[in-house]
1. Kindly provide log₁₀ I(q)/I(0) values, in the same order as q = 0.08, 0.15, 0.17 Å⁻¹, from the Debye equation applied to equal alpha-carbon scatterers of the chain.
2. Can you tell me the length gained on complete extension of the stretch Leu71 to Ser41, counting 0.36 nm per residue apart and subtracting the Cα distance?
3. Provide the percentage of antiparallel DSSP beta bridges, counting only those with both residues in the chain; round to the nearest 5.
4. Using a 7 Å offset from the Cα along the Cα-to-Cβ direction at both Ala135 and Ile116, what is the distance between the two label points in nm, to one decimal?
5. For labels at Arg150 and Asp174 in the simple 7 Å Cα→Cβ model, what's the distance in nm?
6. Checking a compactness column here: for the stretch 102-156, what do you get for Rg(Cα) / (2.2 N^0.38 Å), N being the number of residues?
7. Under a crude label model (7 Å from the Cα following the beta-carbon direction), how far is Arg181 from Ser7 in nanometres?
8. Determine the dipole magnitude for the chain: charges of +1 sit on the beta-carbon of Lys and Arg, -1 on that of Asp and Glu, nothing else is charged, the reference point is the Cα centre, and the result goes in debye to the nearest 20.
Amino acid sequence: MNTLTPSQLGALLTAAAQARILVLGDVMLDQFLWGNVTRISPEAPVPVVEFDRESFMPGGAANVAHNLAALGAGVSLFGLTGKDPAARQLRELLGAQGVGCRGLVTASDRMTTRKIRVLAQQQQVVRVDRETRAAVRPHLTRRLLDLVRRELPNADALIVGDYGKGVVTQPLLDELKNLCRARGVWLSLELEVVGE
């Protein structure tokens, strides 16, 4: 395995900063509840986490967009959110990083996927998933495709993040493949890890 030299790494980061990348897929809000455990609950054999603080991060495809923006790339995100506080918070986090959010479509029949992790002494105790996993209605898929179609002529790459929440379907992938091929845009697919 070859190691990157500092000059090679610098060249990669410079190239990333000049790229225009579209990210489409399952967007999420990751919430972390931090605390400490000093006792076991008398109600059940489970730890009692004494709350200390909480933090939030973009998750799923939103995390991919967030990381690319942190490298300096111009990034636009496409996906579905609910009409809920988690969607507003996710948009604020992404906006602060410079991620374009015009491609986030609000779906009245879905909730914004939220992964809530409870951590004590730096160890995850439990995760609570709040999400809609039902198939996406066809008109929402068409809306996402229309939004991507408008942005694609100015893009260098399209990254699709499939985390099994219903946004990424075979018909969507087929159409994205055709659009990218016609415009010479690099297409990458990131699949969920089993058990994610």
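FYI, it's all coordinate maths here, none of it is from the lab. As the structure is a prediction and not an experimental result, all values here were calculated from the model. A quick note on method: Cβ atoms are made from the backbone with ideal geometry, for glycine too, and the neighbour counts reach across all protein chains shown.
1. Cα-only, vacuum Debye calculation for the chain: -0.32, -0.94, -1.11.
2. Gain in length upon complete extension: 6.4 nm.
3. Of all bridge pairs located within the chain, approximately 40 percent are antiparallel.
4. Label at Ala135, label at Ile116, 3.1 nm between them.
5. 2.6 nm
6. Normalised Rg, Cα atoms only: 1.66.
7. Placing both labels 7 Å along Cα→Cβ, they lie 4.0 nm apart.
8. Computed about the Cα centre, the dipole is about 560 debye.
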